[in-house]
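One structure is given here, and the rest of the page talks about it.
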Amino acid sequence: MGELDRSARILVAGSGGLVGSAVVRALRGAGFTDVVGARSAQVDLRDASAAREFVAGVDPVAVVDAAARVGGIAANAARPVEFLHDNLRIQANLLDAAAGAGAGRFLFLGSSCIYPKFAEQPIREDSLLTGPLEATNDAYAVAKIAGIMGVQSYRREYGLPWVSAMPTNLYGPGDNFDLESSHVLPALMRKFHEATVRGDARVTVWGTGTPRREFLHVDDLAAACVHLLDVYDDPSPINVGTGEDVTIAELAALVARTVGFTGEIVYDTSRPDGTPRKVLDVSRITATGWKPRIGLAEGLASTYRWYLDNYVSGEGATA
Ligand code: GDP
C-alpha cells in the first residue's frame, strides 16, 4: 500500500463528533491539505440520496467513516432501534456513495463491542463471530458487524482496497458528557467535577466497579487512522487500542484524583455492568509500526482541562 498523496481530497464523515473531529485534526497535522468534513447538521447520511449527492459533490479520493450513532451502556440499552437502524443506514449509504464517487480508499470505524461477550482476552481480530454478543449493546454491535461485512463485500466484488478498524473505548476533547447517554469516562469526570463544586460527600458509580475496560485517547486513534490509510490493506478488521485495561473502580479513583474529589465512591448495583472484560489484542497494529502515545493519567488531565474550558462554561452544558 503506497502512502496517500497529501494533496488528495479526504472526506471525514462525522467530523462534528469525538472521533471525526480528531481525525480531521490528525490529517491536517500530518500534512493533508484538502480535508473535507461532513457533520450531521450538514448532511443526513441516513438519507441515501442526500448521502449520494453530498459525496458526489465532494468527490473524495479517500473516505474515513466516523459517522455513527454512539452512546454508553444506558443509551444502547434504551434505544436499540436507533442504534441498529441509524448505523446500518449511515454506513450502507456512505459505502454506496463512496463507491459511486470512485473513492479509492475507505476506512470504516467500528467498535470493540463487535466481539463476543466471552471472547478470549486480549481479544484477537479472528474472534469475530465466534460467540454470542453482550446484550446491552448487541443492536449496535450487529450494525457495526454489518459495516465490516460491507467493506469486505466491496473488496470482494469490486476489488477495492477498503478497510475496517476497531477502536477500543475512546475518550478525549469533544466527548459527550451527558450523564445518561455518555460512556463511563466522561460521565465520571462530570460526576466528580459537579460533586466537588457542590461539596457532595459521595459520588455514585454504576454497576459493581469490577468490569475491566481499556481506554484510548481519541488523538491516538486519529493518528492510527492516518497511519492505516497509508499502510493497511486487508479484509480483516484491525484492532486499535492500548492492550491495557483497568477496572471501573480503578478508573473512578483515577478520575477522582484528576478532578480533586476526595469524598466517598459508592456503587449502584441496580445499574448493569455490561461485558465483564474488554481489552484488545493490538499485536497486528503494533506490527505495522503504530503505538499509542498518550497515557491514561495524562489523557485524563488534558481531557479535564478541555471539559473545564469548553463544557462547563461553554455551550456543551446546554446542548
Ligand atoms: P460499555 O463499555 O459498552 O459497557 O459502555 P460504558 O462506557 O457506558 O460503560 C462501561 C462500564 O462503566 C459499565 O460497567 C458501566 O456500568 C460502568 N459505569 C459506571 N459508572 C458509569 C456512568 O456513570 N456512566 C456509564 N455510561 N457507565 C458507567
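Within the stretch 149-186, count every residue that is closer than 29 Å to Ile248 by Cα and away from the ligand (no atom under 13 Å from the Cβ). Break it down stepwise before answering.
Initially, the stretch 149-186 is screened for residues closer than 29 Å to Ile248 by Cα, giving 164-186.
Adding the requirement that they be away from the ligand (no atom under 13 Å from the Cβ) leaves 164-166, 172-174.
Counting residues in the stretch 149-186 that are closer than 29 Å to Ile248 by Cα and away from the ligand (no atom under 13 Å from the Cβ) gives 6.
Within the stretch 27-46, one or more residues are open to solvent by less than 20 Å² (accessible area, probe 1.4 Å), in a loop (DSSP other than H, G, I, E, B) and among the aliphatic types (A, V, I, L, M).
Of the residues Ser7, Ser21, the single one that is among the hydroxyl-bearing types (Ser, Thr, Tyr) and without any contact (Cβ under 8 Å) to a residue 40 or more places away in the chain is Ser7.
Answer yes or no: is there a residue in the stretch 99-108 that is open to solvent by 20 Å² or more (accessible area, probe 1.4 Å) and at positive phi. Within the stretch 99-108, one or more residues are open to solvent by 20 Å² or more (accessible area, probe 1.4 Å) and at positive phi.
State which residue is most open to solvent (accessible area, probe 1.4 Å) when the search covers only the stretch 47-64 and only residues that are outside any loop (DSSP other than H, G, I, E, B) and either charged (D, E, K, R) or within 16 Å of the ligand (Cβ to nearest atom) (or both). Per the stated criteria, the residue is Glu53.
Residue under question is Leu84, and the condition is that it be touching a helix residue (DSSP H, G or I) at 6+ places or on another chain (Cβ under 9 Å), among the aliphatic types (A, V, I, L, M), over 21 Å from Gly147 (Cα atoms) and not in a loop (DSSP other than H, G, I, E, B); does it hold? Write out each step before concluding.
Numbers: touching a helix residue (DSSP H, G or I) at 6+ places or on another chain (Cβ under 9 Å): yes; among the aliphatic types (A, V, I, L, M): yes; over 21 Å from Gly147 (Cα atoms): no; not in a loop (DSSP other than H, G, I, E, B): yes.
In short, no.
Total residues in the stretch 132-144 satisfying the condition of being away from the ligand (no atom under 13 Å from the Cβ) and surrounded by fewer than 19 Cβ atoms within 10 Å (Cβ to Cβ): the figure is 2.
Consider Leu129 carefully, then state whether it is aliphatic (A, V, I, L, M), modelled with pLDDT of 95 or more and within 15 Å of the ligand (Cβ to nearest atom).
On the way: aliphatic (A, V, I, L, M): yes; modelled with pLDDT of 95 or more: yes; within 15 Å of the ligand (Cβ to nearest atom): no.
Criteria not met by Leu129.
Inspection of the stretch 241-250 finds a residue satisfying the criterion of being open to solvent by 10 Å² or more (accessible area, probe 1.4 Å), within 23 Å of Ser127 (Cα to Cα), of a type in the set (D, E, K, R) and out of contact with any Lys or Arg (no Cβ under 7 Å at 6 or more places or on another chain). Residue count for the stretch 207-231 under the criterion of being among the hydrophobic types (A, V, I, L, M, F, W, C) and under 16 Å from His183 (Cα atoms): the result is 3.
Among the residues of the stretch 65-79, just one is more than 24 Å from Leu95 (Cβ to Cβ) and more than 10 Å from the ligand (Cβ to nearest atom), namely Ala78.
Could you please let me know if Ala252 is assigned to a helix (DSSP H, G or I), more than 22 Å from Leu221 (Cβ to Cβ) and either under 21 Å from the mean Cα position of the chain (by Cα) or of a type outside the set (Val, Ile, Thr) (or both)?
On the way: assigned to a helix (DSSP H, G or I): yes; more than 22 Å from Leu221 (Cβ to Cβ): yes; either under 21 Å from the mean Cα position of the chain (by Cα) or of a type outside the set (Val, Ile, Thr) (or both): yes.
Against the criterion (assigned to a helix (DSSP H, G or I), more than 22 Å from Leu221 (Cβ to Cβ) and either under 21 Å from the mean Cα position of the chain (by Cα) or of a type outside the set (Val, Ile, Thr) (or both)), Ala252 qualifies.
Of everything in the stretch 265-290 that is within 17 Å of the chain's Cα centre (by Cα) and away from the ligand (no atom under 16 Å from the Cβ), the residue that is farthest from Pro132 (Cα to Cα) is Ile285.
Of the set (1) more than 15 Å from the ligand (Cβ to nearest atom); (2) under 14 Å from the mean Cα position of the chain (by Cα), all apply to Asp233 but (2).
Within the stretch 187-214, which residues are within 13 Å of Val255 (Cβ to Cβ) and either free of Cβ contacts under 8 Å to residues at least 12 places away in the same chain or within 8 Å of the ligand (Cβ to nearest atom) (or both)? Working first, answer last.
Going through the stretch 187-214, the residues within 13 Å of Val255 (Cβ to Cβ) turn out to be 187-196, 203, 205, 209, 213.
Result: Ala187, Leu188, Lys191, Glu194, Val205, Gly209, Arg213.
When the stretch 156-186 is examined, which residues are found to be more than 25 Å from Thr286 (Cα to Cα), in contact with a strand residue (DSSP E or B) (Cβ under 8 Å, 6 or more places away or on another chain) and open to solvent by 10 Å² or more (accessible area, probe 1.4 Å)? Correct list: His183, Val184.
The values are calculated or read from the model by the stated rules, or taken from the named source; none is laboratory data. These figures come from a predicted structure and were not determined experimentally. We place every Cβ from the backbone using ideal geometry, glycine too, and count neighbours over all the protein chains shown. The protein model used for the area step is the full one, side chains on, heavy atoms only, and it has no ligands, DNA or RNA in it. Shrake-Rupley method; radii C 1.70, N 1.55, O 1.52, S 1.80 Å.
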